[in-house]
Structure formats: structure tokens, C-alpha cells
Amino acid sequence: MKQLIRKVTPFLLVLPALIVVCIVMVYPLIYNFSLSFFQWNYVKHWEGMTFVGLGNYFEALLSPEILYSLRITLVYAAATLFIQFILGLGLALLFDVETLPGKYFFRASLLIPMMSSAVVIGFVWKAMLNPDFGIINYYFSQLGFGNRSFLGNPSLALYTVIAVGVWAGTPFCYLMLTAGLRGLPQEALEASKLDGANTWQQLIYVKLPLLRPIIVVILIFQFIFVFGVFGMIYVLTAGGPASLTKVFSLLLYEIAFDRFELGLGATLSVIYALIAFIFAILFVVSVREEKS
Amino acid sequence: MFSSKDKGFKRDLPGLITVTIGAAIIVVFALFPVIWFTLGSFKTEVQLFSIANTFVFEPVLENYVYAFSTRNMFSYLANSTIVTIFAVIFQLAVSIPAAYSLARFKSKSFELLAYMMLATRLLPSFVILIPLYLLYLKLGLLNTRFGLIFAYTAFGIPFAVWMLRGFIRTLPREIEDSAMIDGCSTLGIIVRIVVPLIKPGIVATALLLAIGAWGEFIFALILTVSPAARTLPAAIAGFQEAYGVKWGAIMAAGVVALLPVVLLVSVAQRSLLRGITAGAFK
């Protein structure tokens, strides 16, 4: 009997976690998949779903609205990720967090943009950028640039949203890269100096390659995070002006909960999951290749 | 590059000044929006518009009074607190045994399980928004605190298991092995040996889980509707739909939502940073 318990114990320990995850994540994923083959408007066809096979997928991949949103999302994700990474790297290289005066206060102030709720960040910046009482516009008009509606102006909205995303995400990159840099083996750096490398060469040929594993982790996490952005943009622009900042998550939300097209919503969810998954796999594979 | 440790303070004054100025600029960038927002929460509508007096003004509490008395802030605050605390408790209760199992028992199927759990982390959470909504509709879990807690528990498990597994792996097996020889049950080992040893790791993980649950928005928005179960983030977003944009109430509510985060960040900094960086250094 004791033997049996010994054998079963590992599974029993994992079971509660598995059950919860299955109910909340696995079952919905499967349901999503099957629902994506139906057309189901929740309000109009209360009782019935119509099987449309791949119809939703065709509609999605041919719909200008959906494709545009996808493009906007990728632009936002790529730009935000790239800028915050470069900034974080630059900061990490220039200012080693651990040796700064007032270290605790400094780190605390970095953590706040990171840890705040996306919605709160959205409101903080929406207020700052407000054309009437926002402080940013105030200084802009003082400097002679005139009053601008950053979030309402079609040519500025996306850039503004990207800027806020960068603000929120740079601390993470900065902190992680600082930790990474601190963990670099001193011998490698010394050796390269002896070989006559200047700071720039040392950066490219020694530091970055050694940092690669961490960089990949940072990029994956942050990509998933920015790709799935919802709350922040929901608050800042609600997708406007004129759908110019309507990222995929917002569009999905609108299709599912404003237009009640649940079948199409499920289809978009599947597409979204696939894209995220593919990117993640690509990243992981690139790490594997480096290692071998 | 710039570090105040490289040369003696006295000899490297230009370096030190550069570092301090740089640090100050960074801090301003990071904190100013939040500080300005907080100041705004103490202003009346009129004061808010007089930008020349951004920093020098007579603070008022009317926004907070308004939010708490007419906008159900107490309920939202209570909901957020309850949901966060219970979600973290359940997450840990479920993830610690699972993490132990995945850390100690080697088998092909378990490795696969671990990777599958990790895989769910790679998906943006709202891909399951629609089915979860429908499921909850059927089960009558919409607009319930328990429903939210249950969902958050699931969201946090992959992260928690991954983190805790990493921490457990750093423990030497001898202690557990000798306990097992002494006849201790596996559960006993977990509770009496492993948990105390990885307590810092558990705390770091719990803090990150708490911050995640506290600030979660999408599912709070979809799965809850009324002050019976709605949490702060969703509620604050609602402030801008009803009566136009009530900035006073939004700012007050926003500060209330920010407060725990600021407190946590000041008090538990070390722990948080350990948690964040541990995630990367697999």
C-alpha cells in the first residue's frame, strides 16, 4: 500500500493545479477552437450557432478592418519593445543601479511604472496629455508649439501610445539588463581589454553575446506583454481616433462584446494565440541554436 | 560605465555629478507622472485647470469623499483586496505542491507537463476571454468574487509553479532524503522542510502574484458588472463612461489603486527585485 502511495503522490501533488488550469485555460482554448468554426451572434441567434467551417477564418484574413488592427498591433509591439529595450540597455550600461547614490529610492521609483495597474497608467497619462489641463500641453504651448491633442490627433495618437508603453516597460528592461551585466564574468571583460578592445567593441563582441540568454527572456516576456496590451490603450484612446490605435485585443473585445459576434471572436482568439505562440517558439528556437 | 565606485568619491567629482544628475533625470521621468496625478487628486475641478498653480495650491479632499460616498469605492476596494488575497493564497496552496512534484520527481511525462504549463504563460491571457465568459455564464459565476478568484488562480499557477520550481531546485536533496528515511510523508516534507527553506522565494513570488491580481483589468471588466464583485481597475475605467469624464473621482480612485503598489515597492523592494530577476535567470 505504501508503495502505491509513493507512486501516486507526485501526480496527486500536481493534480489540484492541473485541474484549475484545465478548467480555466485548457477547456476554454479547446472551446475557442471549436467555436471558431461557427457563426454565432449572441443577440440575434440566441439559440443557434451556424456552422460555417473556415468561413470565419476567411472573413478574418480578408477583412481590412481586422488586418489593419493586426498591423497596428505589430507596429505598436515592435516599436515599444525595440525602444524600451534600447533605452533599458543604454541606461543599464551607463548607470549601474547598484552603485548609485540613493539606490533604494531610485529602484523604488523605477518599480512604480512597472508594477502599477495598466489602467492606472492609462489614466495618469491620459490626464497628463489632456489638452485642457494636462501639464504636457501646458509646457508645449509655453515653448511655442501650440496646443495639441496627443491622443485625439490621428497623426500623433499611435506614437503617443507607443511612448506611454515605452515609459511603462523600460524600467523592466533596465533592471533586468543591469542584473545581467552585473553577472557577467569579469575575466572575459578583462581579457578583451587586454586584447585591446575599446568600450564599443567590448559591448558588441563580449557583453551582448554573453547576455544573449537574458536578452531573449526579456524580449519574449515583453513581447507577450506588449502584444497583449489592452487596459492601457483602452483607457488612453479606446482604439481611436478612427480605429487608429485599435490593437487586436481591443478589436477582439469589440467584436465579441459590442457586436456579439462570438464565433468570429473565437476565430480571432485562435489567430491571436497562434501568432503569439509562433513568436515565442521562434525566440526559444533561436536560443537553442545559440547554445548548440 | 559610470559608477560611483570606480574611483574615490573625492577624485571623481565630475563622474559623481554626472551620475547623480542622470539618476535624478531618470527618477523625474519615472515618478513625475504619478506625483502630478496624485497632486491632481487633491484639487477641485477649477484648481486642476489652473496649471500655473500645479504645485502650490490648497489641497481638498472632496474627490475622495465623492468617490467613497457616491461611487462605491469601499466596495471596489474591498473586492480588490479580497480577490487579491484569496487568489494569492490559492495560487500558492496549489502551486507549491505542484512545483515540488515537478522539481523532485523526474519523468518524461512530468517534463512535458512542466513545459505545457509554461506554454500557457506564453499566451496573452485574453485569448480565453470569450469561452471563459460563456463558461461562467453557464455556471452562474459571473459577477462573483469567487469566479474572479478562481480565474486569477489559474492565471497565476504557471508563473508560480515555474518560479517555485526554480527555488526548490536550489535546495540540497539530502535534507529531504533524510526526512523521508525518517518516515516523513511527502506532504510533511513539503510543509515542514521545503516551505520554511524557500520562504524568501515564496514571499517574492507571492508579492508578484499579488501585484498582478491587484492590477488585472480585462477579466475584471468582463466577468464582473456591479459593486458586488467588481475590482478597482474595472471600476475606475467605468468612471469615464457614466457621467462624462469625472477626473476628480478618477484621480482619487487611481491614487487608492496606486497606494498599495507604492507601499509594496518601498517596503519589499529587495524581495520584488529578487522575484523579477529570478524569473530570468532560469
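Miscellaneous remarks
- Residue check for B:Gly140: modelled with pLDDT of 85 or more, small (Gly, Ala, Ser) and surrounded by fewer than 21 Cβ atoms within 10 Å (Cβ to Cβ): yes
- Search result, residues across the range A:64-106 that are buried (at least 16 other Cβ atoms within 10 Å of the Cβ) and either touching a His at 6+ places or on another chain (Cβ under 8 Å) or part of a loop (DSSP other than H, G, I, E, B) (or both): A:Asp96, A:Leu100
- Note on the range B:68-115: among residues that are of a type in the set (D, E, K, R) and in a helix (DSSP H, G or I), the one that is nearest to A:Ser117 (Cα to Cα) is B:Glu111.
- The range B:99-110, residues that are more than 9 Å from chain A (Cβ to nearest Cβ) and under 28 Å from the mean Cα position of the chain (by Cα): B:Ala103
- Qualifying residue in the range B:193-202 (condition: small (Gly, Ala, Ser), assigned to a helix (DSSP H, G or I), within 14 Å of chain A (Cβ to nearest Cβ) and under 19 Å from the mean Cα position of the chain (by Cα)): no
- Close contacts from the range A:181-207, counting a first residue that is closer than 16 Å to A:Ala92 by Cα and a second that is polar (S, T, N, Q) and assigned to a helix (DSSP H, G or I), with Cβ to Cβ under 6 Å and a gap of 6+ residues or different chains, come to A:Gln202/A:Ser192; A:Val206/A:Ser192.
- Counting the residues of the range A:222-257 that are over 17 Å from A:Ser117 (Cα atoms) and part of a loop (DSSP other than H, G, I, E, B) gives 9.
- Of the residues contained in the range A:116-134, one or more are found to be under 19 Å from B:Gly40 (Cα atoms) and either more than 9 Å from chain B (Cβ to nearest Cβ) or touching a Cys at 6+ places or on another chain (Cβ under 6 Å) (or both).
- Among the candidates A:Ile281, A:Ile224, residue that is within 9 Å of another protein chain (Cβ to nearest Cβ) and at pLDDT below 85: A:Ile281
- Flag set for A:Phe51, criterion: away from chain B (no Cβ under 13 Å), farther than 30 Å from A:Ile215 by Cα and surrounded by fewer than 16 Cβ atoms within 10 Å (Cβ to Cβ).
- Unmet criterion (only one of (1) surrounded by fewer than 21 Cβ atoms within 10 Å (Cβ to Cβ); (2) within 25 Å of A:Ile121 (Cα to Cα)) for B:Glu176: (2)
The values are calculated or read from the model by the stated rules, or taken from the named source; none is laboratory data. What you see is a predicted model, and the numbers here were worked out from it, not measured in a lab. No Cβ is skipped: glycine too gets one built from the backbone with ideal geometry, and neighbour counts run over all protein chains shown.
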